[in-house]
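To start, the structure itself, in structure tokens.
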Amino acid sequence: MTELNRLTIAEARDKMAGGEITSVELTEACLSAIEGAGVLGAFAHTTPERALDDARAADAATEKTGLTGIPLGIKDLFCVEGVPTQAASRILEGFKPQYESTITRQLWGSGAVMLGKLNMDEFAMGSSNETSVYGNAVNPWKVDDRQLTPGGSSGGSAAAVAADLCLGATGTDTGGSIRQPAAFTGTVGLKPTYGRCSRWGVVAFASSLDQAGPMTKTVRDAAILLGGMAGHDPMDSTSADLPLPDFEAALTGDIRGKTIGIPREYRVDNMPAEIDELWAKGRAMLEEAGAKIVDISLPHTKYALPAYYVIAPAEASSNLARYDGVRFGRRAELAPGDGITDMYEKTRAEGFGPEVQRRVMVGTYVLSAGYYDAYYNRARKVRTLIKRDFDEAFAAGVDAILAPTTPTAAFGLGEMADADPVQMYLNDVFTVTVNMAGLPGISVPVGLDASGLPLGLQLVGRPFEEGDLLNLAYALEREAAFVAKPARWW
Amino acid sequence: MSIDLETARKVAKLARIRVEDEHLPELAQEFNAILGLIDHLNEVDVEGVEPMTSVTPQRLKRRVDVVTDGDQPAKVLANAPDAREGFFAVPKVVE
């Protein structure tokens, strides 16, 4: 028998429905793959007993969904009742949620199997999974003696899916944290429209940008997993009260007559020729499948990253104010005579890593008296213009936009250690616009670079048209026929 | 705009993050790198543009103003570093 952990969600679902395999067998295969992949640092906490209990329950269930018995990994940002949930931060050491996030509650309700919590950048702030208190997650793709980043912040999710440690994983995306790691690992990552998936019980980074989504081996699996994650939730006031379509049913592969926009502003200086070629290849593939290609302009693109680095830290500084050593997580050891301000300051200094501290302080600065208008309000105005660019493109008849997901392939762990923080932020240059405009975006693996590392292209769709977007991604996936897998070295 | 040591110290204080004096120069330098990126926003003409308050056009949902949850002190206190007699305990606040 082939290793069951290598199956896609759709294949496993069909084999379970046909009685060929059980969820217990599938779950055991994943658990043993996880055990053998410690060096990847993908899982931060595993829940093997819970997983087997879930699997037995799934095998016994009489009513099944597309996710019944499917073993999943959960990013450490999602509260799972009774299971350590730390957002990969020291400040949440020992924290065990007393409640369940809406997304995971829905997944367990659909019969999915909980394998454990996945590594990530601390509070989802990072593009390389190097800011985690758990240590680095490592990309299963390897072309020389270097260990490569799986990207971030959902690096553990991407590594786990690419290395077949789970059938699918949850991720979150505030500026590219699902799509960039998917591109770096040859997997599929979908950031849904803002409001499509509930944020209730997901540790908050930047509330107006955060959106959870699926990370999977195929576009079809992304459609299936999105169906389990999405839906209106009264517990999240920004959750969209819209009917939930059957995303998998949208995958007809027929994209004839669709109009794809190619934004000229995404052709940035110093873009490697390979990325440019990949983009041209993607364009040709969609054309081959019957889509109409048009050149478009999104004039405020280059201001998305600067505006993001005002808005995201501003929201983070507010959201992370709750970590004060009083209600949950870790409190610093205090010296005799220390007052409550000493407790706050010492707790936050030792509990937050350097990148989180930096962003909280930048956010504090841009919100402080005298700078609020110059920075925060100006950034919000620029955000209005960024969204308007997309609105105008869609109004002109564009169905989706095609662009590279990342400016490079995966880089080596530690290679950015001496760079200033802005160099790392440039990883998000193609993805962050989508969060600023609240749109759905999906990264699809399309090819390998000369060294043999995967590269992804991103499709950006109209708000709440994930079905259409997934169908375009499905057509691109079929044309690209990307089947490469990392050779096992771990 | 550039951030000096005094501003860096003030921001750290506002953020309630202890930063030792010897680390302030490095912090100020990192702030300045990030502000260098942010300052590109000044190139944009934002005259007459409304600041975005919501990325989706819908109006926030309203609900009836009634108690829907509560009465679970044990759960609320379960993760506290120091909980005593049904309260969060902190260092003395009032002299």
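The values are calculated or read from the model by the stated rules, or taken from the named source; none is laboratory data. Please read all numbers here as calculations on a predicted model, not as lab measurements. Backbone-built Cβ (ideal geometry, glycine too); neighbour counts: all protein chains shown. Side chains included, ligands, DNA and RNA excluded: accessible areas come from the protein's heavy atoms. Shrake-Rupley method; radii C 1.70, N 1.55, O 1.52, S 1.80 Å.
A few notes on this one:
- Accessible area expressed per residue, chain A, with surrounding protein chains retained (probe 1.4 Å, Å²): 33
- Take the accessible area of chain A alone and of chain B alone, subtract that of the pair, and you get about 5200 Å² summed over both chains, using a 1.4 Å probe.
- Fraction of antiparallel bridges per DSSP, chain A only, in percent to nearest 5: 65
- Across the cross-link table entries A:Lys75/A:Lys217; A:Lys191/B:Lys61; A:Lys75/A:Lys292, which are compared at the Cα atoms, the separations over 26 Å belong to A:Lys75/A:Lys292.
- Translational diffusion coefficient (Stokes-Einstein; Kirkwood radius from C-alpha pairs) of chain A at 37 °C, 0.692 mPa s, in µm²/s: 147
- Value of Rg/Rh across region A:85-169 [Cα atoms, Kirkwood radius]: 1.01
- Summarising the label geometry, the points placed 7 Å from Cα in the beta-carbon direction at B:Leu14 and A:Leu52 lie 5.5 nm from one another.
- Length-normalised contact order of chain B in % [C-alpha pairs under 8 Å, at least 6 apart]: 18
- Peptides ranked, highest mean first, by Cβ atoms within 10 Å: ranges B:26-35, A:426-435: A:426-435, B:26-35
- Radius of gyration over Kirkwood radius for chain B, both on Cα atoms: the Rg/Rh ratio is 1.16.
- Sorted from longest to shortest, the spans of the Cα atoms of region A:369-445 along the three principal axes equal 45, 43, 13 Å.
- Distance cut-off 22 Å, percentage of C-alpha pairs in region A:390-490 lying past it: 42
- Protection proxy ranking for A:477-484, A:153-160, using the average of other Cβ atoms within 10 Å per residue and placing the highest first: A:153-160, A:477-484.
- Taking a point 7 Å from the Cα of B:Thr56 along the Cα-to-Cβ direction, the residues of region A:212-235 with backbone N closer than 16 Å to it are A:212-214, A:226-235.
- Per residue, the average separation of C-alpha pairs within less than 8 Å and at least 6 apart gives region A:384-460 a relative contact order of 39 percent.
- Mean separation of Cα contacts under 8 Å, 6 or more apart, over the residue count of chain A: relative contact order %: 18
- Straight-distance crosslink candidates among lysines, where the alpha carbon sits under 18 Å from A:Lys381 and sequence neighbours closer than 8 are dropped: A:Lys302
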